[in-house]
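What follows is a set of notes on a single structure, which appears directly below.
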Amino acid sequence: MKTLKRNLLLAILLTGGVFAFSECTKETEIDGVQTQSDTKSLNANGQTGSNSTDATTTQSTAAGYLSDCIASFVIEPLSVTETEALVTMREEELLAHDVYVQLYSLNKMPIFDNISKSETQHSEAVKNLLIKYNIADPADNHIAGTFVNANLQALYTSLVAQGITSLNSALSVGATIEDLDINDLRNHIDRDVDNEDILFVFGNLEKGSRNHLRSFYKLLTARGGTYNPQFISVEYFNQIISSPHETGPAGCSK
């Protein structure tokens, strides 16, 4: 029965029918750069007409709704691989946030500021699962740019060093982070995770990362840059960048 539920949930996630915390109120995009209404107005400088106050309010509403959704799933036995996946993704989402904050401080391109806020929401979603399952939080009292996971620490240092060299390099770093996130989340969903609440969260994190990748790639190519996937397959990458920004109906799905 548990396997059947898992397969049904995965089918819903893959068809975009599950609630995404990038779209919690109407069709407002928190997980990308802009609201749906100004998607086409994003230019090569990363400027949009989004209202930051509205975005902050929507993000807060989305976070609260997401917390309620996570709580609505029953607690299931947690495997070692599920525990490891949660601990890793908690810091991986924070890595994305911290890198984007650094890059925004250097070039003031709004995409980094907007998506860094989204990454906070992503990391908090994983934190909610850690709390729910009484798992020690590796990011408790987190200091920006500092990670318990040694591989993530090295990656953070490398990405910031690469991103500060030019604006196109910074956008390429953004694409790299989302490329990595999509790959790791997809692997966790396919191999490591069975609990429905974790599948729900990871499926939505991946959906958000696909939107982020589209946004970074669009700006990078508008500025004459290119990006080749380093983690996901070329086929999946092409499928993502050639498809529209994803939206979905609000509501928890089990």
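Odds and ends about this structure:
- Burial ordering of Glu76, Glu206, fewest other beta-carbon atoms within 10 Å first: Glu76, Glu206
- Cα-Cα over 26 Å, subset of Lys127/Lys218; Lys117/Lys207; Lys132/Lys218: Lys127/Lys218; Lys132/Lys218
- From largest to smallest, the equivalent ellipsoid semi-axes obtained for the range 64-170 from the alpha-carbon gyration tensor read 29, 16, 9 Å.
- The trypsin sites (Lys or Arg not before Pro) of the range 67-169 that meet both conditions, a loop assignment by DSSP and at most 12 other Cβ atoms within 10 Å of the site Cβ, are Lys108.
- Translational diffusion of the range 126-188, µm² s⁻¹ [Kirkwood Rh, Cα pairs; Stokes-Einstein; 20 °C; 1.002 mPa s]: 159
- Extended-chain gain in nm, criterion 0.36 nm per residue less alpha-carbon gap, Ser243 and Ile164: 25.5 nm
Coordinate-derived values only; no laboratory data. From a predicted model like this one, the values you see are computed outputs, not experimental measurements. Positions of Cβ are generated from backbone atoms using ideal geometry, with glycine treated the same way; all protein chains shown enter the neighbour counts.
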